[in-house]
Amino acid sequence: CAVKAAQVLSEIAKNEEMKKPCIEADLVLILIPFLESTDQEMLLHAGRAIGRICYDNRDLQEELVKVGVITSLVRILTDYAESEPLVHVDLLALYNLADLDTAKEALSKTRVAEQLVKQLRRAESHERLEIVFEILQALAENDALKVQLVEAGVQEVLSEILLRLKGSSQAEDTCILKAASNLIASLLLGGTHLQSFYNPRGNSFQTPCFFTLIGAYCSHFHASLQAYIASDGNCVRMVQLGVIDQLLDLLEKHVESGDVSVQHAALSALRNLAIPVVNKVQMLEEGVTKRIQSLLRSEIPPAQFKLLGTLRMLADGQADAAEILGQDPMLLNRLVQWCTANDHSSIHGEANRLLASILRHNRSQEVVKAIQEAQGVKHLVSMATSEHTIMQNEALNALAIASAIDLEVLEESFKESQLVQSLHKLLQDNNTSPEVKYNSMSLLCCLLNSGDLRQEIEEDKVKETLEELCSHSNANVVKEAVTTLQILRGET
């Protein structure tokens, strides 16, 4: 009668009001030994009864762990991996217990990782995927279990899921993609676990899908999390392990024709790995800039956009990188072409920003001269009047630095592109941000060192606008207006 009794109890425990009498009758402790049965029907009903009685009762759940229920659950998952009803009940039980630290500790001493990865691989329904992901996410908070999951090959299964569902617009698929991405983040956070993906013998990462994982890891999250990733040292660790060369090798194979999803993943990873300063230095020393430039032959707009972004990240704060990029005629000519690519606004913007970045971070007359010869100056003047404040400021700062380095070389281009008139309009426009006004006046101060440009400034009656700005509500704008007027009047 034991099987029938367990079935009755599992039905009774569905009723919320009956849980307390079941607890008071010590039915949980009576049922636990039956989890060692070899009768699948007994396991099913006993598991359901225990799960329903203990649901949402932390004290009882802790008691279950204490009396060794974890070992029984893992055994059932191992011995009856093909039994859908038993697996379902077992996973629900693990789901309810996985948040407990005591349960994680107990699970770390079993081979649950292998079984969960197996279930993740064979899961067909969204419901099954979701419950397995919930369990894995909880277990990934434990360092020992995190390593065990990686050793069990969870990264390969995650890669398969990401590739299979990539591009799907269905809400259920989006939830699974998010869950997979969150699990990837949990697995990779904490640089020591990156070693688990690495094969020291082959001096490479264990599987090509690692690049897909990094791509998802770096590109599926908000900027704040990306900043945390960089500060956590994971990006630094990846570069130290040699992932950059492998990413570039992969891209070179796919840049002309190949799997677009692989390109996206590798490019997303490459751009984000170039953020930490220490990575920039190492990547420059290894000659990565040249290899990235060679990939710009790609005619795929998303690839072009991300490659430009990677080069901009490398140039950020690095004079050496800016000089390498700024003295490459082929690159500069390509950038100037893209600066007019209005049919691809993202590429148009990124090309302009890279051009500005090269000027802002370099200190070489040769770079200024090369950009002038490539006819890139007029695009930076146009960028200064962009609708995006950040781009306006980048362009203004770049032009000011270039003017300080070699105004004579730029003078003619400034006159042809009507830079003075553009700056005057920015100063007159009430919608112009205070920072843009401030940077516009800083650039004007540089231009006053040229006789011809000084004359244009005087003829355009910029002085009157500067006098009005002396009563501006922003203190920095007022200060810069006073300084610019003094220079214009020859007072300093």
Test result for D90, in contact with a Gly (Cβ under 8 Å, 6 or more places away or on another chain), in a helix (DSSP H, G or I) and among the acidic types (D, E):
yes
Check on L335, in a helix (DSSP H, G or I), over 26 Å from Q240 (Cβ atoms) and either open to solvent by less than 10 Å² (accessible area, probe 1.4 Å) or basic (K, R) (or both)
yes
Is it true that E63 is of a type in the set (D, E, K, R) and exposed (fewer than 15 other Cβ atoms within 10 Å of the Cβ)?
no
Residues of region 439-459 that turn out to be open to solvent by 50 Å² or more (accessible area, probe 1.4 Å) and within 20 Å of S382 (Cβ to Cβ), as a count
0
When you check V89 against the structure, is it modelled with pLDDT of 90 or more, open to solvent by 10 Å² or more (accessible area, probe 1.4 Å) and in contact with a Lys or Arg (Cβ under 6 Å, 6 or more places away or on another chain), yes or no?
yes
Selected residue (only one of A13, A81, A49 is aliphatic (A, V, I, L, M), touching a Cys at 6+ places or on another chain (Cβ under 7 Å) and either within 26 Å of D143 (Cβ to Cβ) or touching a residue at least 24 places away in the same chain (Cβ under 8 Å) (or both)):
A13
Of the listed residues (L466, L410, L423, L427), the one being surrounded by 15 or more Cβ atoms within 10 Å (Cβ to Cβ), assigned to a helix (DSSP H, G or I) and assigned by the TED database to the domain that holds K369 is L410
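Inside region 344-387, can you point out the residues that are open to solvent by less than 20 Å² (accessible area, probe 1.4 Å) and either outside any helix (DSSP H, G or I) or more than 18 Å from L314 (Cα to Cα) (or both)?
Answer for region 344-387, where residues must be open to solvent by less than 20 Å² (accessible area, probe 1.4 Å) and either outside any helix (DSSP H, G or I) or more than 18 Å from L314 (Cα to Cα) (or both): N362, S364, V368, I371, A374, G376, V377, L380, V381, M383, A384.
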Is one or more of the residues making up region 390-397 among the β-branched types (V, I, T) and assigned by the TED database to the domain that holds N352?
yes
Within region 93-113, identify whether any single residue is touching a Gly at 6+ places or on another chain (Cβ under 9 Å), open to solvent by 60 Å² or more (accessible area, probe 1.4 Å) and closer than 20 Å to C175 by Cβ, and answer yes or no.
no
So L60 fits all but one of (1) modelled with pLDDT of 90 or more; (2) within 42 Å of the chain's Cα centre (by Cα); (3) assigned to a helix (DSSP H, G or I); what number is the exception?
(1)
On the basis of being at pLDDT below 90 and open to solvent by less than 10 Å² (accessible area, probe 1.4 Å), does V132 make the cut?
no
Meets criteria (under 24 Å from A374 (Cα atoms), open to solvent by 40 Å² or more (accessible area, probe 1.4 Å) and either without any contact (Cβ under 8 Å) to a residue 60 or more places away in the chain or assigned to a helix (DSSP H, G or I) (or both)) for G317:
yes
Would you point out the residue of region 302-339, among those that are basic (K, R) and touching a Lys or Arg at 6+ places or on another chain (Cβ under 8 Å), that is modelled with the lowest pLDDT?
K306
I'm checking my understanding of the structure. Among residues of region 66-86 that are closer than 21 Å to K20 by Cα and part of a helix (DSSP H, G or I), which one is least open to solvent (accessible area, probe 1.4 Å)?
V69
Name every residue in region 128-182 that is assigned to a loop (DSSP other than H, G, I, E, B) and in contact with a Lys or Arg (Cβ under 9 Å, 6 or more places away or on another chain), in order of residue number.
A140, E141, N142, A152, G153
Just name the residue that is farthest from Y80 (Cα to Cα) out of those in region 13-49 that are part of a helix (DSSP H, G or I), aliphatic (A, V, I, L, M) and open to solvent by 20 Å² or more (accessible area, probe 1.4 Å).
M18
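The values are calculated or read from the model by the stated rules, or taken from the named source; none is laboratory data. Here the structure is a predicted model, which is why all the values come from computation and not from measurement. No Cβ is skipped: glycine too gets one built from the backbone with ideal geometry, and neighbour counts run over all protein chains shown. Just so you know, the surface numbers come from the protein's heavy atoms only, side chains and all, with ligands and any DNA or RNA stripped out. Shrake-Rupley method; radii C 1.70, N 1.55, O 1.52, S 1.80 Å.
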